[in-house]
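We did not get these values from a lab; they are worked out from the coordinates using the rules stated. Note that the structure is a prediction, hence the values are computed from the model and not measured. Note that each Cβ is placed from the backbone with ideal geometry, even for glycine, and that neighbours are counted across all protein chains shown.
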């Protein structure tokens with residue numbers, strides 16, 4: 001059995017295309033905060049990230065996180081939360097059983113408090129990088145601690161890529177964590193943009209899809225190995241790790257052209273999926 005898949009968004013921020021694609025025009029473009037909805041007959045509802053939420057605006061009124069909002073203008077309507085998107089597709093947010101957190105930047109975790117019945121899955125490295133951080137140290141990592149539910153740790157399941165019983169090896173992507181033990185939902189390590197960032201390869205009723213989070217912002221990044229502006233080094237966790245992750249995604253794309261690769265913030269990728277039938 002395979003997963004039904006839907007790609008949704010929770011609003012967008014704006015920045016310059018030249019920051020995402022080195023050497024291009026300095027024009028303002030939208031970076032949508034997309035997230036994946038996966039539904040399985042046995043495993044139930046699983047989300048890959050949750051995007052923006054009005055909680056983000058509440059928390060970014062406070063010092064020092066108001067600097068986040070000033071640096072990154074965000075546009076989000078009150079009915080654009082992950083919870084709202086699920087309801088519009090006939091799902092009950094209380095039925096979400098699992099949420100895969102690619103990394104802890106605020107545009108990926110702001111809606112977590114809406115899902116009180118879900119278990120959270122992230123890499124050991126990602127949680128270790130933000131756990132206990134506050135103030136400017138948290139801000140430096142794009143992390144806003146108050147976006148996490150109070151019982152977050154009690155519902156947290158850490159992904160260990162060294163766990164031999166749950167790990168499969170891909171020649172290009174390296175170790176992959178088999179989330180449900182049936183090969184249908186594989187997590188892989190894609191660090192660099194953020195500490196411990198992970199992606200997901202999921203076997204859907206349409207095809208396999210590869211969610212790469214922010215390993216690339218736009219499809220041109222991984223298709224052509226087109227790097228972003230050097231200025232992004234200021235807020236990436238590791239430039240060398242980022243380039244290595246981008247190269248792995250690029251190589252995977254060449255080896256598996258039949259697998260759609262979905263960067264979280266790519267407008268053209270999102271629009272292409274929205275043109276497909278609702279039931280894939």
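For the chain, the extents of the C-alpha atoms along the principal axes are 46, 40, 39 Å, listed from largest to smallest. Taken over region 119-163, the alpha-carbon convex hull comes to 76 cubic angstrom per residue. Residue-normalised convex hull volume from the C-alpha trace of region 1-122: 125 Å³ per residue. Sorted from greatest to least, the principal axis extents spanned by the alpha carbons of region 185-280 come out as 41, 25, 21 Å.
Sorted ascending by nearby beta carbons within 10 Å, beginning with the fewest, 177, 52 become 177, 52. Could you tell me the relative contact order of region 167-226? Use alpha-carbon pairs under 8 Å, at least six residues apart, and round to a whole percent. Relative contact order for region 167-226 comes out at 19 percent. Result for the chain in a Gaussian network model with C-alpha springs under 10 Å: among 132, 51, 142, the largest mean-square fluctuation is at 132.
Below 8 Å, C-alpha to C-alpha, sequence gap of six or more: please give me the relative contact order for the chain in percent. Result for the chain is 19 percent. Rg/Rh for region 79-130 (Cα atoms only, Rh after Kirkwood) is 1.00. Find the centroid of the Cα atoms in region 148-199 and in region 41-90, then give the distance between the two in whole Å. So the separation of the two Cα centres works out to 22 Å. Distance between the 7 Å Cα→Cβ label points at residue 18 and residue 157: 4.6 nm. With an 8 Å cut-off on Cα pairs and a minimum separation of 6 or more residues, tell me the relative contact order of region 1-104 in percent. Contact order relative to length: 30 percent. Taking the DSSP beta bridges with both ends in the chain, the antiparallel portion is around 70 percent.
When shorter helices are ignored and each DSSP H run of at least 4 residues is given -39500 (n - 2.57), the per-residue value for the chain at 222 nm works out to -6500 deg cm²/dmol. By the beta-carbon count within 10 Å of each Cβ, the least crowded to most crowded order of 109, 261, 231, 169, fewest first, is 169, 231, 261, 109. Sorted fewest first by neighbouring Cβ atoms within 10 angstrom, 79, 114 come out as 79, 114.
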